[in-house]
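For reference, the structure discussed in these notes is given below.
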């Protein structure tokens, strides 16, 4: 390649995102607990809607997502005109960085924050900035202390990935009210449906001009393979993001399947209830095995070990037993393993394997 041809600043600093593994050599029946997928899958209504889309593959999809935005608005009590849909909430995060951050600007997030915050900031030419957390929980005071005149975006996942911890709504309100005037607060709600009594920041986005909420169909709706997400915020912000959005960024299959999924809240409630039951059981089982973990409000548990070597050894033991969990070294948590809350047999199997590992010393 010519020495004169270079990518935009920041792009070569990006370490490509690595998703959770799904295969182990020589193992046929792998238990995958590495990607926070819904073990109960999509609802029957969503799967039937997907099958019907085979008959219209030759047609272009809707470009304004009006029907899906209306369905989301009805399900969550929102204004459809202030909703934008994307290929996963990742695309909404990318739009926000493209629209509001660039060279000379800063994008702020907690030290254990979702890796796409850093990646999207660098792709836009902005400078990623980390603020320390306190006991693996977002620290609002630390975020405010890290703000400067260059801060344009502040990203927080609540519940957080990969820790599963949450900060109360009062702290989010305090953060929004004390940010620099040029900064947007983005509340990443990928795991909101698993938390009790929290609206994901919808109320804040309605009452503040500097708050945007992102959501996804990948987790509790069981549609990770289709990549569907959405955002909600001030009308002026959503209008800006729509200028960046491609006219057909969602296929007909994505739109129709998401429509059916959001209309089946009975399935969502069943998944939420089962996740809460199995999450509590898994946390108790891990603690009984001598493995510490914080109280999680998501569909995963962050298991903490005495050292990075012990975490690596436990990971190797699980792989030998045909189970894949997630190493989180890239999130600056080398002594931890993130374990998705699977179905009951998967939870019992991983807990038994970790108990065996601990007993073997």
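The values are calculated or read from the model by the stated rules, or taken from the named source; none is laboratory data. Predicted model, so just to flag it, every value in this text is computed and none were measured. Backbone-built Cβ (ideal geometry, glycine too); neighbour counts: all protein chains shown.
Checked across the range 96-113, the condition of being in a helix (DSSP H, G or I), crowded, with 24+ Cβ neighbours inside 10 Å and more than 14 Å from the chain's Cα centre (by Cα) holds for at least one residue.
If you go through the range 287-312 and keep only what is loosely packed, with under 15 Cβ neighbours inside 10 Å and assigned to a helix (DSSP H, G or I), you end up with 287, 288, 308, 309. Restricting attention to the range 323-342, the residues that are buried (at least 16 other Cβ atoms within 10 Å of the Cβ) and touching a residue at least 40 places away in the same chain (Cβ under 8 Å) add up to 13. Does residue 313 qualify as being closer than 21 Å to residue 280 by Cα and assigned by TED's automatic domain parsing to the domain that holds residue 271? Here the answer is no, as residue 313 does not meet what is asked.
Do you know which residues across the range 74-88 are surrounded by fewer than 18 Cβ atoms within 10 Å (Cβ to Cβ) and either in a helix (DSSP H, G or I) or in contact with a helix residue (DSSP H, G or I) (Cβ under 6 Å, 6 or more places away or on another chain) (or both)? Once the filter is applied, which keeps residues that are surrounded by fewer than 18 Cβ atoms within 10 Å (Cβ to Cβ) and either in a helix (DSSP H, G or I) or in contact with a helix residue (DSSP H, G or I) (Cβ under 6 Å, 6 or more places away or on another chain) (or both), the range 74-88 yields 74, 75, 76, 80, 81. Please tell me if residue 312 is touching a residue at least 60 places away in the same chain (Cβ under 8 Å) and over 20 Å from residue 165 (Cα atoms). Criteria not met by residue 312.
Counting the residues of the range 220-237 that are crowded, with 22+ Cβ neighbours inside 10 Å and in contact with a helix residue (DSSP H, G or I) (Cβ under 7 Å, 6 or more places away or on another chain) gives 10. Inspect the range 119-126 for any residue being in contact (Cβ under 8 Å) with a residue 60 or more places away in the chain, in a loop (DSSP other than H, G, I, E, B), under 26 Å from residue 9 (Cβ atoms) and in contact with a helix residue (DSSP H, G or I) (Cβ under 6 Å, 6 or more places away or on another chain) and give the result as yes or no. The answer is yes, given that some residue of the range 119-126 is in contact (Cβ under 8 Å) with a residue 60 or more places away in the chain, in a loop (DSSP other than H, G, I, E, B), under 26 Å from residue 9 (Cβ atoms) and in contact with a helix residue (DSSP H, G or I) (Cβ under 6 Å, 6 or more places away or on another chain). When residue 319 is tested against (1) touching a residue at least 60 places away in the same chain (Cβ under 8 Å); (2) at negative phi; (3) within 24 Å of the chain's Cα centre (by Cα), only condition (3) is not met. Scanning the range 267-286 for residues that are free of Cβ contacts under 8 Å to residues at least 60 places away in the same chain and either surrounded by fewer than 20 Cβ atoms within 10 Å (Cβ to Cβ) or not in a helix (DSSP H, G or I) (or both) yields 269, 273, 277, 280, 284.
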